[in-house]
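What follows is a single structure, written as structure tokens, with notes after it.
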Amino acid sequence: PKRIIIVATITTMKIASLVATGFAYYLNNRQYLLYRHTPSLAVASMKTVVAEQSACISDDCGCDHSHDDTISSRNARTKVTGREIAFVSELPDLAKIMDDDIQLVVWEQQEQPNFIKALNDPSIPPERLPSFEGMVPALPELVAEVIKKHIFLPYDIRSRPNVLTEAEADELADHVDKLVQLFADVAIQSGFIDGNVHGNVDELPFVHAKLQVMTNDGCRFWHQDSVPFRLVSTLRGPCTEWVPPEFSRATLKRRQHDSKHARSMNLSDVALFKGRGDADAESIYGQPGIVHRSPRIEESGESRVILIIDIPQEGWHFD
């Protein structure tokens, strides 16, 4: 009898713990979840919002770039010239990644958004930084609406107050929305996403978006991503490091070591770069695709916030 009572008590405690964990997750994700599984699940929860917008249907050198010196550090950055790298000043020009010769396009924003200045407040602990991950439809304004609901509460709770003002949250949500639309357009034009939509919500093109908080070294070794292309932007902390294509082979051969050819993105830069696609994993060298790595921050006490947008892949982004 005592064993039964003990087992029953432990089982009850485990259940209570699971319930508490689930509730904490619920609050932590601000009561709005982006779905990681099938696009149809996301659609099912968004149809009400989409119905109200029916008109729209018709029609990642680990430098410490604190928000105080980001703009000035941009002027000191060594520019890489050559036909494989493009630095642009306008968002639409990221589409240059579709050029066969281009491997990396970097949109250098001339003014640093207010949400980046806010996110780089060193007094904000990593656990309070906003994050989200899920499949999002390439429908203007809908992405912004869903993301804002995910990163901002219209009221504060003591356990998790907002770290962004509503205006900053709006700015971040709109920023991600525009990047999602451009990324989807490029993916559609490149033939990686089906863009044939006939007014049916279930047929909307989806992309995978993730705002990730990192306190470790992440992808610390030099590598190429096994994707056609990927969008990466660092919103807080040290930025993604990369090497010019002519040094790819030499860098990959010393993938665990630093490279004198390393370059770093700047805060608020938006990078769209090519990966190795479906190239044979055994063919490490000689493949196109930007060689890059995460900056090493694990023993620095720093944290990063990174925005990543990908072409959805079954088994990776959804079931």
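For this structure, a couple of remarks:
- Filtered residue count, the range 175-195, keeping only those that are crowded, with 22+ Cβ neighbours inside 10 Å and over 19 Å from Asp99 (Cβ atoms): 5
- Any hit, the range 223-233, residues being of a type outside the set (Val, Ile, Thr), open to solvent by 30 Å² or more (accessible area, probe 1.4 Å), assigned to a loop (DSSP other than H, G, I, E, B) and at pLDDT below 90: yes
- Subset of the range 113-123 (residues that are buried (at least 17 other Cβ atoms within 10 Å of the Cβ) and assigned to a loop (DSSP other than H, G, I, E, B)): Pro113, Asn120
- If the condition is being surrounded by fewer than 19 Cβ atoms within 10 Å (Cβ to Cβ), among the basic types (Lys, Arg) and part of a helix (DSSP H, G or I), then the range 124-168 contributes only Arg128.
- Check on Lys210, farther than 18 Å from Ala86 by Cα, at pLDDT 85 or above and part of a loop (DSSP other than H, G, I, E, B): no
- Subset of the range 234-243 [hydrophobic (A, V, I, L, M, F, W, C) and assigned to a strand (DSSP E or B)]: Leu235, Trp242, Val243
The values are calculated or read from the model by the stated rules, or taken from the named source; none is laboratory data. The shown structure was predicted, so the numbers you read here are calculated from the model rather than taken from an experiment. Neighbour counts run over all protein chains shown; Cβ positions are idealised from the backbone, glycine included. These accessible areas exclude ligands, DNA and RNA; they are computed on the full protein's heavy atoms, side chains included. Shrake-Rupley method; radii C 1.70, N 1.55, O 1.52, S 1.80 Å.
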